[in-house]
1. Looking at (1) assigned to a loop (DSSP other than H, G, I, E, B); (2) at pLDDT 90 or above, which is the only condition residue 149 fails?
2. In the stretch 166-197, what count of residues is obtained for those that are under 16 Å from the mean Cα position of the chain (by Cα) and either over 19 Å from residue 82 (Cα atoms) or not in a helix (DSSP H, G or I) (or both)?
3. Restricting attention to the stretch 83-95, does a residue exist that is at pLDDT below 95, within 16 Å of the ligand (Cβ to nearest atom) and within 21 Å of residue 205 (Cβ to Cβ)?
4. Here are some conditions: (1) within 16 Å of the ligand (Cβ to nearest atom); (2) of a type in the set (A, V, I, L, M); (3) closer than 26 Å to residue 48 by Cα. Residue 157 meets all but one. Which one does it not meet?
5. If residue 76 meets every condition in (1) away from the ligand (no atom under 12 Å from the Cβ); (2) over 19 Å from residue 210 (Cβ atoms); (3) modelled with pLDDT of 90 or more apart from one, which number is that one?
6. Restricting to the stretch 38-71, what's the tally of residues that are away from the ligand (no atom under 14 Å from the Cβ) and small (Gly, Ala, Ser)?
Amino acid sequence: MRYKNLFRFIIPIVIVLAGSALYKANAWGFWAHQRINRLAVFSLPPEMIVFYKKNLEYITEHAVDPDKRRYAVAEEAPRHFIDLDHYVHERPYDILPHKWEDAVAERTEDTLNAYGIVPWHTQKVLWQLTKAFEERDQYKILHYSADLGHYVGDGHVPLHTSENYNGQMTNQKGIHGFWESRVPELFGDNYDFWVGKAQYIDNTREYVWKYILE
Ligand SMILES: [Zn+2]
């Protein structure tokens, strides 16, 4: 069940909390993004939870910054999705290069941006967060943690991995907002979000690709 996967947040060296454009609806509604980021804090190991609990409101509130940014930053839109069915005849896991530089060399940046870059961008944010930890920069740690929670959340939304992201090709227009905003808002209080403690992940790149594709 999809919701169960939400908290499989990536843990690089130290930690981690962890639409083709404006016309694409937000990934998860604001309610769900904020809930996901907030609850992720409680899955962290003891040595990390103190810092994150102190900043729980920041992590919660800023869970939706990447969506807000889409209205101001042109490059933001493709970071939230990937139209896997565009590549489906090529078996995306085997064929699409998992490393950004390789993907750009093979497909060009324009093509990748046209069909979404969430798996590659998630890796980038992960790297930025790891660097922020190394620099002990508290502001950046919080900023990238909140962002990472957002992109990881987006990567788990099935409607963010399809060209038919709003049911527009199958006469189901509006399903996007219904599925990711309305339904969680109505029933989310009864969901069981707890899926155990955050795990240490060795190969984060492959992990990101795996959860997006499964
Ligand atoms: Zn998003």
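The values are calculated or read from the model by the stated rules, or taken from the named source; none is laboratory data. Everything numeric here is computed off the predicted structure, so don't read it as measured data. Heads up, the Cβs are rebuilt from the backbone with ideal geometry, glycines too, and the neighbour counts pull from every protein chain shown.
1. Among (1) assigned to a loop (DSSP other than H, G, I, E, B); (2) at pLDDT 90 or above, residue 149 violates only (1).
2. 1
3. Checked the stretch 83-95: at least one residue is at pLDDT below 95, within 16 Å of the ligand (Cβ to nearest atom) and within 21 Å of residue 205 (Cβ to Cβ).
4. All conditions are met except number (3).
5. It is condition (1) that residue 76 fails.
6. 2
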